[in-house]
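Structure first, then comments.
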Amino acid sequence: MVTISEALAALDKYQIPIPGPASDIWTLVLRHAPSYPIQAYALAAHHDMESICIETSRYTCAVSLETITEADALTMGSMFLRKLFFLHLGRCEALKRVTEAPPKPHREVRNCREDAHASIVRAWALVVANILVQPMLQNIQVAQLREMFAGTMQGRTCGPCIDSIRSRVVEICDEWSAVKSTI
């Protein structure tokens with residue numbers, strides 16, 4: 001990334017126009033984005049390459065915003081820094097919103113205990129609380145959500161209760177997958 005940054009700085013220094021987003025230099029930036037997401041984003045932002053910023057922003061979810069140095073913040077500028085913060089905060093808020101509702105109760109059936117739904121709601125609340133204290137909340141994967149909510153089915157024998165939990169987990173995974181992951 002340092003070499004790419006220096007090359008772009010040299011272009012600026014000698015007043016040579018920065019190549020467009022389809023050029024090889026920006027392809028290199030995109031290739032480095034998974035390994036150096038903040039630096040790639042900052043470089044693209046510094047050169048006002050919004051399309052490259054959008055592409056690289058998806059990789060920034062894998063790192064904490066605490067890793068942004070003052071130099072990175074100055075390089076990307078206030079507008080792109082703000083967009084990045086709102087991406088991360090928006091994804092965290094979306095996850096809270098998506099996971100908060102427990103599975104719906106089913107109609108009474110003979111083999112289900114009366115307090116079964118209350119037990120599901122308690123277990124659900126514990127899983128949600130555990131999810132919300134995870135580091136890197138904005139980068140939680142669908143597979144992690146499935147695994148965490150799987151525990152709410154343990155020890156259940158009522159088919160409709162299990163179906164209700166499974167259905168809600170599928171809804172959560174679908175909704176979380178649909179949450180915007182770029183600026």
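The values are calculated or read from the model by the stated rules, or taken from the named source; none is laboratory data. Everything numeric here is computed off the predicted structure, so don't read it as measured data. Neighbour counts are summed over all protein chains in view; Cβ atoms, including those assigned to glycine, are modelled from backbone coordinates with ideal geometry. With ligands, DNA and RNA removed, areas are computed over all heavy atoms of the protein, side chains included. Shrake-Rupley method; radii C 1.70, N 1.55, O 1.52, S 1.80 Å.
Of the residues in the stretch 93-116, how many are modelled with pLDDT of 90 or more and more than 24 Å from the chain's Cα centre (by Cα)?
Residues in the stretch 93-116 being modelled with pLDDT of 90 or more and more than 24 Å from the chain's Cα centre (by Cα): 2 in total.
Name the residues in the stretch 131-183 that are open to solvent by less than 50 Å² (accessible area, probe 1.4 Å), aliphatic (A, V, I, L, M) and within 30 Å of THR60 (Cβ to Cβ), would you?
Selection gives ILE131, LEU137, ILE140, VAL142, LEU145, MET148, ALA150, VAL169, ILE172, VAL179, ILE183.
What number of residues in the stretch 1-28 are under 15 Å from HIS46 (Cα atoms) and either touching a strand residue (DSSP E or B) at 6+ places or on another chain (Cβ under 6 Å) or not aromatic (Phe, Trp, Tyr) (or both)?
18
Suppose we filter ARG168, ARG156 for residues that are assigned to a helix (DSSP H, G or I) and of a type in the set (D, E, K, R); which single one remains?
Result: ARG168 is the single residue among ARG168, ARG156 that is assigned to a helix (DSSP H, G or I) and of a type in the set (D, E, K, R).
Please list, ordered by first then second residue, the pairs with beta carbon atoms under 6 Å, 6 or more apart or interchain, first in the stretch 43-70 and open to solvent by 30 Å² or more (accessible area, probe 1.4 Å), second at pLDDT 95 or above and part of a loop (DSSP other than H, G, I, E, B).
Qualifying pairs under 6 Å: ILE54/THR182; ILE54/ILE183; ARG58/SER181; ARG58/THR182; TYR59/ALA33; TYR59/PRO34.
Determine, yes or no, whether SER78 is open to solvent by 60 Å² or more (accessible area, probe 1.4 Å), more than 28 Å from ASP163 (Cα to Cα) and small (Gly, Ala, Ser).
It is true that SER78 is open to solvent by 60 Å² or more (accessible area, probe 1.4 Å), more than 28 Å from ASP163 (Cα to Cα) and small (Gly, Ala, Ser).
So for the stretch 87-104 (the condition being of a type outside the set (Gly, Ala, Ser), open to solvent by 80 Å² or more (accessible area, probe 1.4 Å) and farther than 24 Å from ASP174 by Cα), does at least one residue qualify?
no
Looking at GLU175, GLU171 in this structure, which one is out of contact with any Asp or Glu (no Cβ under 6 Å at 6 or more places or on another chain), in contact (Cβ under 8 Å) with a residue 60 or more places away in the chain and of a type in the set (Asp, Glu)?
On inspection, the qualifying residue turns out to be GLU175.
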